[in-house]
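Visitor: Let me give you the structure first, and then I'll get to my questions.
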Ligand SMILES: [Cu+2]
């Protein structure tokens, strides 16, 4: 019975190692300042593991990510001179918002931005259109 349990555990561990080794996280850079958020990726495929690298150059901010139904997905502090890393994955499509959770001044409430979580097929279609548009632009120049 113990040998069977060990066999199942090893098989499950190998399966998990295989899955995580094949899917590198998408690195998303987020910068915050009084009073804005900037993100370098506005469309993310559903189920994609994301590593958000969050920076600020002025004061301490906090980044909360909310799902379309406004449930909290993840949160991290942004501190001047330091890059905070936040791993998150979600499987509900829609528009996600990120807000500042740390009172950082008079217009703190303006610190809102968003990204869309798309079905994988929709994400592929959007990004193949972008690639074609970029190729056309390059051939015209
Ligand atoms: Cu704030």
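No lab work stands behind these numbers, since they all come straight from the coordinates. Quantities reported herein were computed from a predicted structural model and do not represent experimental measurements. Every residue, glycine as well, gets a Cβ built from its backbone with ideal geometry; the counts of neighbours run over all protein chains shown.
Visitor: If you go through region 93-112, how many residues are within 10 Å of residue 62 (Cα to Cα) and part of a strand (DSSP E or B)?
Guide: The number of residues fulfilling the criteria is 3.
Visitor: Show the residue pairs that are 6+ apart or on different chains and have beta-carbon atoms under 9 Å apart, the first residue being within region 93-116 and within 19 Å of residue 29 (Cα to Cα) and touching a residue at least 40 places away in the same chain (Cβ under 8 Å), the second being in a helix (DSSP H, G or I) and within 10 Å of the ligand (Cβ to nearest atom).
Guide: From region 93-116, the pairs are 100/108; 100/109; 100/110.
Visitor: Oh, and also: Kindly state which strands (runs of 3 or more DSSP E) lie completely within region 20-75 and contain at least 2 residues that are touching a helix residue (DSSP H, G or I) at 6+ places or on another chain (Cβ under 8 Å).
Guide: By residue number, 43-45.
Visitor: Return yes or no: is residue 110 more than 14 Å from the chain's Cα centre (by Cα) and either surrounded by 12 or more Cβ atoms within 10 Å (Cβ to Cβ) or over 26 Å from residue 130 (Cα atoms) (or both)?
Guide: Yes, satisfied.
Visitor: Any residue that is touching a strand residue (DSSP E or B) at 6+ places or on another chain (Cβ under 9 Å) and in contact (Cβ under 8 Å) with a residue 60 or more places away in the chain - is there at least one of those in region 65-81?
Guide: No, that holds for no residue.
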